[in-house]
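A.B. asks: One structure, as structure tokens, below. Some questions next.
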Amino acid sequence: LSDTFTLVNGVEIPCVGFGTWQTPNGEVAVESVKVALKEGYIHIDTAACYQNEGSVGKAIKELGIPREQLFVTSKVWNTERGYEKTLAAFEETMSKLELDYLDLYLIHWPAIEKQFPNWKELNAETWRALEKLYHDGRIKAIGVSNFLPHHLEALLETATVKPMVNQVEFHPGFTRFDLIEYCEAHNILVEAWSPLGTGNVLNNEVLIDLAKKYSKTVAQVCIRWCLQHHVLPLPKSVTESRIIENAKVFDFELTVEDIKVIDEIQFCGGAGINPDEVNF
Ligand code: A2P
């Protein structure tokens, strides 16, 4: 879990992160993050909208792990777009996490044309706030989430710092390789939210057969498949045995042929969200 990908600005990012989307705030979040940290996860992914930043901060604080050993990501929510509102949202996030810097801060969803005639300007202004926080040393790296190539193209028209990360939904059956290739070509590291398709791809027969072949679980095969695509997986679990299982992905390697087989799986569960169609 201490293996890293290197971002375009030289920041090292631990190559499997602990996802917390849908982890309820309070005891469950505090305990599951503590389990993860004790099991060697050093990269925790949260967001203002998950409403569990306080619990993530509490778990970190209670374990007393030195800040510099951790990699913490959060995201600015859709209601806080724009320069001033984003700066304020960041302070709120930091006070909940009780941290004095973030490793990575992301725009959670792009403002989209369907909802906002001024979507380009709105994204640019949110981004300008992230750039300021980055230049001020409050954040080690900045990026976006759920951006499609045309959202990135628009952002790059005014950005003075290019996004270093794009966190998108990516799992067997929902791949969008054109988006992955676009990001790679622009030196943007792709992170996978819901690498297990919110747990729904785990019943897929093709994946079950492959897992047997490698004497691994389907979840481990999905996580390994992300890594071999140079996509950073963020598996979420609140179950101790699964948290441990999801970290054991460094003792096997999928063959090129098996990766192709997984690449061709049709949609078999997960959110399957088109960012240009969302309504939140
Ligand atoms: P739980 O949190 O109750 O343990 P994703 O990361 O794709 O969003 O998937 C998260 C979902 O998958 C959660 O419902 C989680 O359940 C479940 N999950 C996570 N890891 C495993 C695993 N190793 N085996 C089975 N289910 C898992």
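A.B. asks: Can you pull the Rg over Rh of the chain, Cα-only, Kirkwood?
C.D. replies: Rg/Rh for the chain comes to 0.95.
A.B. asks: Need the C-alpha centroid separation for segment 82-143 versus segment 171-212, integer Å.
C.D. replies: Computed from Cα coordinates, the inter-centre distance equals 26 Å.
A.B. asks: Okay, moving on. With bins 5 Å wide starting at 0, give me the P(r) of segment 130-280 over every alpha carbon pair, in whole percents.
C.D. replies: P(r) for segment 130-280, in whole percents per bin: 2, 9, 18, 20, 18, 14, 10, 6, 3, 1, 0.
A.B. asks: Sort 240-252, 77-89 by packing, meaning the average of other beta carbons within 10 Å per residue, with the highest value first.
C.D. replies: Ranked by mean Cβ neighbours within 10 Å, highest first: 77-89, 240-252.
A.B. asks: For Cα pairs less than 8 Å apart in space and 6+ apart in sequence, what is the mean separation divided by the residue count of segment 17-153, i.e. the relative contact order in percent?
C.D. replies: Normalised by residue count, the contact order of segment 17-153 is 22 percent.
A.B. asks: What FRET efficiency do you get for Asp209 and Glu184 if R0 is 30 Å and r is their Cβ-Cβ distance, rounded to the nearest 0.05?
C.D. replies: 0.55
A.B. asks: Can you compute the FRET efficiency between Asn274 and Thr158 using 1/(1 + (r/R0)^6), with r the Cβ-Cβ distance and R0 = 41 Å? Round to the nearest 0.05.
C.D. replies: For Asn274 and Thr158, the calculated efficiency is 0.95.
A.B. asks: Below 13 Å, Cα to Cα, which aspartates and glutamates can Lys38 reach? Residues fewer than 8 away in the same chain don't count.
C.D. replies: Those aspartates and glutamates meeting the cut-off are Glu62, Glu240.
A.B. asks: Next up: Can you list the equivalent-ellipsoid semi-axes of segment 72-120, largest first and in whole Å, using the square root of 5 times each Cα gyration tensor eigenvalue?
C.D. replies: Equivalent-ellipsoid dimensions as semi-axes: 24, 11, 7 Å.
A.B. asks: Still on this structure, please answer the following. On a straight-distance basis, which lysines could pair with Lys260 in a cross-link, Cα separation under 27 angstrom, same-chain partners fewer than 8 positions away excluded?
C.D. replies: List returned: Lys212, Lys213, Lys216, Lys236, Lys248.
A.B. asks: Now for a separate question. Can you run phi through the Karplus equation (6.51, -1.76, 1.60; θ = phi - 60°) for segment 259-276 and list ³J(HN,Hα) in whole Hz, with x for Gly and Pro?
C.D. replies: 4, 4, 4, 5, 4, 8, 4, 7, 3, 9, x, x, 5, x, 8, 9, x, 7
Readers should treat all values here as calculations from the given coordinates under stated rules, not as data from a laboratory. Keep in mind the model is a prediction, meaning the values are calculated, not measured. Reconstructed Cβ throughout: ideal geometry from the backbone, glycine too, with neighbour counts over all protein chains shown.
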